[in-house]
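Participant: One structure is given below, represented as structure tokens, and several questions about it will come after.
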Amino acid sequence: MTPGAHRLERARPRRPTAAEEAGTGGEEGRPSQVDRAAPDDAGERGTLDIRDQVLRKVARQAAGESPHVLPSGGSGPGGAKVRISDPGDGLHLRLDVALRYPCRVRSAVAEIRERVRAGLLRATGREARTVDVRIVALRGVSPARVE
């Protein structure tokens with residue numbers, strides 16, 4: 001495995017039921033409808049390595065979808081800077097974000113954490129053990145001027 005990649009653990013192969021082994025299992029002794037073309041568990045499909053840069057991009061995108069996070073010129077979606085570590089007990093993330101002002105900081109941070117956790121789980125199947133958020137700026141958004 002290359003440095004900076006994370007491997008998902010293989011699931012144990014599923015044991016066939018007695019009905020599947022006997023070739024029955026449907027109603028009235030008909031063969032069951034088991035699709036052998038697409039294996040259901042990871043042990044049969046193989047492994048999946050996800051690089052740190054992919055996890056960072058997913059986390060940055062998820063944080064950037066929050067209405068509280070200000071976009072930053074050229075530093076990626078949402079302007080969040082993401083650091084990831086995986087010391088073996090799960091993913092630890094640290095996000096540096098600029099928030100819109102005024103906002104309720106605690107609720108904004110809780111919402112950002114939830115977006116990042118859900119985004120990582122949905123896109124990569126990985127769970128974040130911790131998501132630390134550091135607010136690097138609060139910036140007021142000036143209304144558009146009408147001339």
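Participant: Tell me which residues, restricted to the range 115-126, are farther than 15 Å from ALA5 by Cα and of a type in the set (D, E, K, R).
Facilitator: Across the range 115-126, the qualifying residues are ARG115, ARG117, ARG122.
Participant: Next question. Which one is farthest from the chain's Cα centre (by Cα) among residues in the range 89-112 that are surrounded by 20 or more Cβ atoms within 10 Å (Cβ to Cβ) and either of a type in the set (D, E, K, R) or within 14 Å of THR130 (Cα to Cα) (or both)?
Facilitator: Restricting to residues being surrounded by 20 or more Cβ atoms within 10 Å (Cβ to Cβ) and either of a type in the set (D, E, K, R) or within 14 Å of THR130 (Cα to Cα) (or both), the top hit is VAL109.
Participant: Could you please give the count of residues in the range 93-114 that are part of a strand (DSSP E or B) and more than 13 Å from PRO67 (Cα to Cα)?
Facilitator: First, pick out the residues of the range 93-114 that are part of a strand (DSSP E or B): 93-101.
With the extra rule that they be more than 13 Å from PRO67 (Cα to Cα), the set shrinks to 93-96.
Total meeting the criteria: 4.
Participant: What are the pairs, 6+ residues apart or on separate chains, where a residue within the range 110-135 that is within 19 Å of ALA98 (Cα to Cα) has its Cβ under 6 Å from a residue that is assigned to a helix (DSSP H, G or I) and basic (Lys, Arg)?
Facilitator: Filtered contacts from the range 110-135: VAL131/ARG113.
Participant: Sticking with this structure for a sec: In the range 63-75, is there at least one residue being under 19 Å from ALA5 (Cα atoms), part of a loop (DSSP other than H, G, I, E, B) and either touching an Asp or Glu at 6+ places or on another chain (Cβ under 7 Å) or modelled with pLDDT under 95 (or both)?
Facilitator: Checked the range 63-75: no residue is under 19 Å from ALA5 (Cα atoms), part of a loop (DSSP other than H, G, I, E, B) and either touching an Asp or Glu at 6+ places or on another chain (Cβ under 7 Å) or modelled with pLDDT under 95 (or both).
Participant: For residues that are surrounded by 18 or more Cβ atoms within 10 Å (Cβ to Cβ) and of a type in the set (Gly, Ala, Ser), scanning just the range 43-68, find the one that is nearest to the chain's Cα centre (by Cα). First the steps, then the outcome.
Facilitator: Pass one, the range 43-68, residues surrounded by 18 or more Cβ atoms within 10 Å (Cβ to Cβ): 50, 55-56, 58-64, 66, 68.
Checking which are of a type in the set (Gly, Ala, Ser) leaves us with 59, 62-64, 66.
Details: ALA59: 7, ALA62: 8, ALA63: 11, GLY64: 14, SER66: 15 Å.
Ranking the qualifying residues of the range 43-68, first place goes to ALA59.
The values are calculated or read from the model by the stated rules, or taken from the named source; none is laboratory data. Small disclaimer: the values here were computed from a predicted structure and weren't measured. Here the Cβ is made from the backbone with ideal geometry for all residues, glycine too, and neighbour counts use every protein chain on show.
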